[in-house]
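Novice: Submitted below is the structure of interest, expressed as structure tokens.
The values are calculated or read from the model by the stated rules, or taken from the named source; none is laboratory data. These numbers come from a predicted model, not from an experiment. Heads up, the Cβs are rebuilt from the backbone with ideal geometry, glycines too, and the neighbour counts pull from every protein chain shown.
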Amino acid sequence: MLHDGWRVSPDRGFLIKPDPLTDLTAVSGLDDILPRETLAEIEGAAAEMSDLLQSGRIRQRLERLPLLDLSHLNGELEALDTRVVERLWVLYTYFANACIFAIPDSPGHSIPKSVAVPLHQLAVLVERPPI
């Protein structure tokens, strides 16, 4: 699933088209595809990132994220707004980086399953490496 919106355009330059989503819980029609409670947890963790990074609690919070299994999306991807996948991609790449680099004097050596599995599945969907 390559997203044409990331290409440079004459009218928007480097800005993605259409505008990216800022909150997955506000998207209607996802209930049959992605669990709303899990999306709320993901968005909640994203909203708390600044405080969690400052307090050094980001890894613990991300370890408690529910596991979002996206393996079923291959067949339903056409029904899903590409911006949903892109939003998830952005959040999970932030989460992965936070797991490793959140505490400068004590870098992480692994990414919890709750982040690594969805990140890998998303990487396959967006056809980009999970880094």
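Novice: With respect to Val84, determine if the residue is surrounded by fewer than 18 Cβ atoms within 10 Å (Cβ to Cβ) and at negative phi.
Specialist: Working: surrounded by fewer than 18 Cβ atoms within 10 Å (Cβ to Cβ): no; at negative phi: yes.
Spelling it out, it is not the case that Val84 is surrounded by fewer than 18 Cβ atoms within 10 Å (Cβ to Cβ) and at negative phi.
Novice: Moving on to the next point. Going through the stretch 10-22 one residue at a time, which ones are more than 15 Å from the chain's Cα centre (by Cα) and part of a loop (DSSP other than H, G, I, E, B)?
Specialist: Pro10, Asp11, Arg12, Phe14, Leu15, Ile16, Lys17, Pro18, Asp19
Novice: Could I ask something else about it? Just to verify a result, which residue in the stretch 23-60, among those that are assigned to a loop (DSSP other than H, G, I, E, B) and touching a residue at least 12 places away in the same chain (Cβ under 8 Å), is farthest from the chain's Cα centre (by Cα)? Even if it seems obvious, please write down each step before you answer.
Specialist: Going through the stretch 23-60, the residues assigned to a loop (DSSP other than H, G, I, E, B) turn out to be 23, 27-35, 56-57.
Then keep just the ones that are touching a residue at least 12 places away in the same chain (Cβ under 8 Å); that gives 23, 27, 30, 33-35, 56.
Working: Asp23: 11, Val27: 15, Leu30: 15, Ile33: 16, Leu34: 13, Pro35: 14, Gly56: 21 Å.
So the residue we want is Gly56.
Novice: Look at Val124 and say whether it is surrounded by fewer than 19 Cβ atoms within 10 Å (Cβ to Cβ), modelled with pLDDT of 90 or more and part of a helix (DSSP H, G or I).
Specialist: No.
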